[in-house]
Structure formats: C-alpha cells, structure tokens
Amino acid sequence: MVSEKCLRKVILNSDVYTLCVQHALTTEKQEIMGLLVGEVDDIKCISKISACVTLHRSDKQPDRVEISPEQLCTASMYADQLSKKLDRPMRVLGWYHSHPHITVWPSHVDTRTQAVYQTMDPLFVGLIFSVFQNDSRSLNNLIQVTCFQAHQGASDLERTEVELVIQNSPFENYDLKGIADLPRILIQEEVECHDVKDNDTQDELANIHNDSFKTLALVHIVSKLSRPLCDDLEERLKTVNQRIRTLENLKKELQKR
Ligand SMILES: [Zn+2]
C-alpha cells in the first residue's frame, strides 16, 4: 500500500513553525490542523516547507481531524498562486495537527491517514505538535514536535520518524498573512458552530444562553490570540526597524571609506 520512496529530511521555515505552534496553542480541548506548502527535491527526497494553510474545522469532535477534498483543493490552489508569485514550484507537501495534553506520537488513525496521503504522494509528510503538556520538573508548558511518515511493517502500518530541521528565514509576506488570518478562521468556526445550534432551538432563554457562550468564545479568541499576536508583531517590527537603522549606518560608514 505504501510506496518504497521515502522522505529523508524536512526543512521547516521558522515562521511556519511559529504559526503552527500558535495555531496549536489556540485550544487545549480540540485538535487543530492545517496543510503544509513548499518545495520538494524529488531526487534527494528533501522537503522545504515555507508556507502553511490553517484549516477551518467543520467537525469539532475531539480526536477527529479530517481534511476534506475541498480543503485539499483550496490548499493546492493556494500553492499554485504562490508558485506564480514566487516563480518557484510550490505544492502541498504535508499536513499538521495538534495533540493537546497527549504525547506527540501519531495514533493508529494518524498513521493510517498518513499512509492514505502517501498513496497519492510518496513524499507527503505529517507533523504533530504536542502542546499543553506540563513538565513536572520545570512547571513549564512543554511543546514537542514530530515529523513522520508511514510504512508497512511486518504485521501492521508503522511510523518512521523523519529528520526535521527548523531554519531561520526572512519573514515572508504570505506567512504574515497566515498569522493574520488565524483569528479570522477561528472566529468563523465559532460563529458557524453557534449559529447551527441557534437554529435548533426556539427557546428564548436558551438563545440568550447560547449567545453569551458565543460572546465568551469570541472574547477568548481576542484576548488569548489576537492581542498576543499584535504584541508579538509589534515587537518584531521594532526589531526589524532597529536592524534597518543599523544596516543603514553601516552603509554610510562604508560609503565614506
Ligand atoms: Zn493525532
């Protein structure tokens, strides 16, 4: 079922890593997911992930992460747009999802899902981000990441770990857009989820109750995600401006000489 060709290494852009972790930290109750976009070296079997698409989830059951054909299609259209813009062959080359409060290792369902993707693209890769795991010694919130593929073992499907390198890279416009889109996607999920529930009931009191839960959820997104994101981006802007000034001064020095 799973092809012989396997991935040897994955190079992950640090901004995409940040975006995935930020996405994973948005909820500790459900698994979140998205698709990874970038370039792949088919000969050396190395993937270079430089963008990602955060997916809006229609099914919010715990432990259910499924990518619909429509979402895959949207992501590949996005990859095509990026290819044209950057003049480089970009495509969808993997998926990611989160494991809140559980270990980073892929479940049987994850390995099976991964194997299905590999039948379409042998170099397709899966990333899992384990978040909200408490480290009892340091009391810190532990974040772990694994990069894997599936292969047919002696009796069952098994996972193979793939080397993952997180590479510092210039801040790309499209990643900035991804970060900015994240709160919007989550708000859309909440609004859709609550509006469906609202239609089911005619009870005024229940409607008020549901509305207050919707408000609470939206406030949560703004305070836990949008505001910290803004603060983070402001800080980055300051750092970039500082760097520009330093470089300009250096340029002046060099011109004088
Ligand atoms: Zn999983």
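None of the figures in this text is laboratory data; all of them are computed from the coordinates on show. Just so you know, these numbers come straight off a predicted model, no measurement behind them. Cβ sites come from the backbone with ideal geometry, for glycine too, and all protein chains shown count toward neighbours.
Observations on the model:
- Cα-based shape type of the chain, given that a ≥ b ≥ c are square roots of the gyration tensor eigenvalues and the cut on a/c is 1.5: oblate
- Taking 0.36 nm per residue of separation and subtracting the Cα-Cα distance, full extension of the segment from Leu247 to Ser14 would add 81.6 nm.
- Segment Lys238-Gln202, extension gain: residue separation times 0.36 nm, minus the distance between their alpha carbons: 7.8 nm
- Charged-residue dipole, Cβ positions (Lys, Arg, Asp, Glu), the chain about Cα centre, Debye nearest 20: 1500 debye
- Modelled this way, with points 7 Å down the Cα-to-C-beta line, the labels at Val165 and Asn140 are 2.4 nm from one another.
- Computed packing ranks the peptides 213-224, 121-132 as 121-132, 213-224, most packed first, by mean other Cβ atoms within 10 Å.
- Site pair Thr103 and Ser223 shows an inter-label distance of 3.6 nm when each label is modelled 7 Å from Cα along Cα→Cβ.
- Nearby lysines by direct alpha-carbon distance to Lys224 (threshold 28 angstrom, same-chain neighbours under 8 apart not counted): Lys29, Lys60, Lys177, Lys197, Lys214, Lys238
- Here Met120 and Met77 are evaluated by their C-beta separation; at R0 = 22 Å the FRET efficiency comes out at 0.85.
- The peptide list 91-97, 140-146, 72-78, put in order of mean Cβ contacts within 10 Å with the highest first, becomes 91-97, 72-78, 140-146.
- Dipole of the chain [Lys/Arg +1, Asp/Glu -1 at C-beta], most positive-end residue of Pro89, Pro183, Thr239: Thr239
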